[in-house]
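Every read-out reported here was derived from the displayed coordinates using simple, explicitly stated rules and does not represent laboratory data. Bear in mind that the values here come from a model prediction, so they are computed numbers and not experimental data. Using ideal geometry, Cβ is built from the backbone for each residue, glycine included, and neighbour counts are taken over all protein chains shown.
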Amino acid sequence: MPTCAACAAEAEKLLRCGACQSVWYCNAKCQQAGWKQHKSECKELKATKIRANMQAAAAELEAADAMRVLVQTDRIIITRCADPDDSVYMQIGPQPGINAWLQANQVQCWCGDVGTCESPEDAMFVVTAFAPSQLRKLRQPRTELELSDCTRERGSLESSPISAFGLRLRVTATPMIGQVSIGLKEVAPDPAAPLTAIAGTAVRATVFLVAGEAADRLALPPPMSTGTYAGEPRANAGMKVWCGVGESDDIVCADLASMPRVPLEALLSSPYVAQQPPLHLRAAAAAAAPPPHGEASKASASSQGEASASSQGEASASSQSASSQGEASATSQGEALASSQSASSQSASSQSAASVAEPLVAIGVMLERAGTSANTDEFEAHSIRAYLHRQHAVRCPEAAVPPFARSLVDDPRAIVAMQAVAGDSIRVAWMHDVAGG
């Protein structure tokens, strides 16, 4: 039975520190009383648990023989892993010789190449859309500890497949700690290529958000509101060699509450071309959407924990049965207000897609073919270039957004420019819950 760290009372249902998830309190008052003593150990307890989760994940991959070394040179180490949940991803680690290689080959960051593809066969622009209520229903990590725990179930939204350059890709949106991670996932052929595959197509992907009542503007993904990089501009573009393995690649993480919304009817009008929206977008479901996983239980205890979090930083309290709430709330007040306003304006009897009141988040993705890989040397070269922009953005935050992408923000002719890239009409692909279809 847990014991309150402040008053030593024992009870079955106490509140737990949301940051380290190792210390218990009767209520917010006890937490505040014990914070001075707990503050010094809280950060280290959390770091210890995160390290333990990462070590457990690495051990699980090793035991399952689910990791392969693709390239190991004095310049770079590239590995590919297959997680127990069937997700496949690649990791790149620079080595001491990488700077000499970059200098000898006069390799520069590829961000200046974004938007320069002249052939329509080498570039395309698509839009994928989801309702915020869809995302809020998904299981999602609420703390850094949960984020590091690979055994926890997580939800994700995926678009219908997009055919590009001989590949089939899905746009993904994954909620985590109140943010949304936007990325791409390859639809592997049947049979899929082995984990060791290095032959493939290099693709640059640049992420925008569609904005405006007429969905006629482009915006950048807003900065994260929590975490190490809160408030800082983040790179909205990435590059990857897709090899038919079914890999996933995260491109940008942004704050859900700050993302612009567009009306559904705007995406059903020219220059957009879309199939009939699925039922989960056509139904007036915003008001009926359940809260995020775990948020409904112990509402009063949660509100005490969150109020404490605002005054004590990371040391928030959550109920034992809903311990995943500690550090972050999935919705800001602004987003909750928007959802409430949307729900109040909907007509339950309407069957028309244009009558849906809940506005959508529309993700615009420009894809550009950047080359091909037929052997290990080409795969290594493309992978080093892909890694280069990440480091460029860290060293020079102003370079995080490619110049071409920055030039389109709030440009009234941005959609016209993307329409030319897309080939007259812009395809809209609706997003759905991976589990729910």
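Footprinting exposure proxy ranking of Lys13, Lys36, Lys240, Lys49, fewest other C-beta atoms within 10 angstrom first, gives Lys36, Lys13, Lys49, Lys240.
Each of Glu378, Glu41 has some number of other Cβ atoms within 10 Å of its Cβ, and from fewest to most they run Glu41, Glu378. Taking 0.36 nm per residue of sequence separation and removing the Cα-Cα distance, the Thr73/Tyr229 pair yields an extension gain of 53.1 nm.
Within the shell defined by Cβ-Cβ distances under 11 Å, the residues around Ala400 carry a net charge of +2, with Lys and Arg each +1 and Asp and Glu each -1. For Lys39, a cut-off of 22 angstrom between C-alpha atoms picks up these lysines, skipping any fewer than 8 places away in its own chain: Lys29, Lys49. Close amide H pairs (under 5 Å, H built 1.01 Å from N) link Ile77 with Gly93, Gln95, residues at least 5 positions away or on another chain. Listed by chain and number, the lysines placed with their C-alpha closer than 16 angstrom to that of Lys185 are Lys240; residues fewer than eight positions away on the same chain are left out. In order along the range 9-25, the Karplus-derived 3J(HN,Hα) couplings, from 6.51 cos²θ - 1.76 cosθ + 1.60 at θ = phi - 60°, round to 6, 9, 7, 6, 10, 10, 8, 10, 4, x, 6, 9, 6, 10, 10, 10, 9 Hz, and Gly and Pro are given as x.
With a simple spin-label model that places each label point 7 Å from the Cα along the Cα-to-Cβ direction, the separation between Lys39 and Ser425 comes to 6.1 nm.
Each peptide among 363-374, 417-428 gets the average number of other Cβ atoms lying within 10 Å of its residues, and from highest to lowest they stand as 363-374, 417-428. Electrostatic bookkeeping for Ala414 treats Lys and Arg as +1 and Asp and Glu as -1; over the other residues with beta carbon under 12 Å from its beta carbon, the sum is 0. Counting other Cβ atoms within 10 Å as a rough exposure proxy, the listed residues Ile177, Ile77 run Ile77, Ile177 from fewest neighbours to most.
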